[in-house]
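The values are calculated or read from the model by the stated rules, or taken from the named source; none is laboratory data. Treat the numbers as computed from the prediction; the structure is a model and nothing was measured. All Cβ positions, even for glycine, are placed from backbone atoms using ideal geometry, and neighbour counts span all protein chains on display. With ligands, DNA and RNA removed, areas are computed over all heavy atoms of the protein, side chains included. Shrake-Rupley method; radii C 1.70, N 1.55, O 1.52, S 1.80 Å.
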Amino acid sequence: MTTNVMTVEPSEDVVFAFEKLMKHRISALPVLEEGKLVGIVTASDLGHNLILDNYELGTTVGEVMVRDVATVAPDETLGDAIEKMNDYSSDEGIINQLVVMSDGEMVGIIADGDIIRALKSL
């Protein structure tokens, strides 16, 4: 997992959040409010909607974030993480990342790339 997680606040403008995702070449930003996880935004969701001009000027992350965030605990296995990614997926797409939570606090994020690297080293 990645422990130095870039985050965003709900009040952030979606354009700035998308720029942050692109600049740092990451696929998702957990949304924290007063240090607590309240949602997540992804590059694919924001980019798709920005291209289609689905957002009004001033739309915030809090207005468009996914509130039901897929999470995993640090002591869960790689298999558990893969299963959760599959379970949280829908017909519209897959989950590419899980926020790692310990005692109600975000401690990291695990992305599909992290899983692929872990499997490659086995």
Within 22 Å of residue 102 (Cα to Cα), open to solvent by 60 Å² or more (accessible area, probe 1.4 Å) and of a type in the set (A, V, I, L, M, F, W, C) - does that describe any residue in region 53-66?
yes
Residues that are more than 30 Å from residue 122 (Cβ to Cβ), at least 2 per element: which strands (runs of 3 or more DSSP E) completely within region 1-107 meet that?
28-33, 36-42
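Here is a list: 95, 82, 109. Which entry is within 18 Å of residue 39 (Cβ to Cβ), open to solvent by 30 Å² or more (accessible area, probe 1.4 Å) and touching a residue at least 24 places away in the same chain (Cβ under 8 Å)?
Every option except 95 fails the conditions.
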Limited to region 33-49, what total is found for residues that are loosely packed, with under 15 Cβ neighbours inside 10 Å and at pLDDT 90 or above?
5
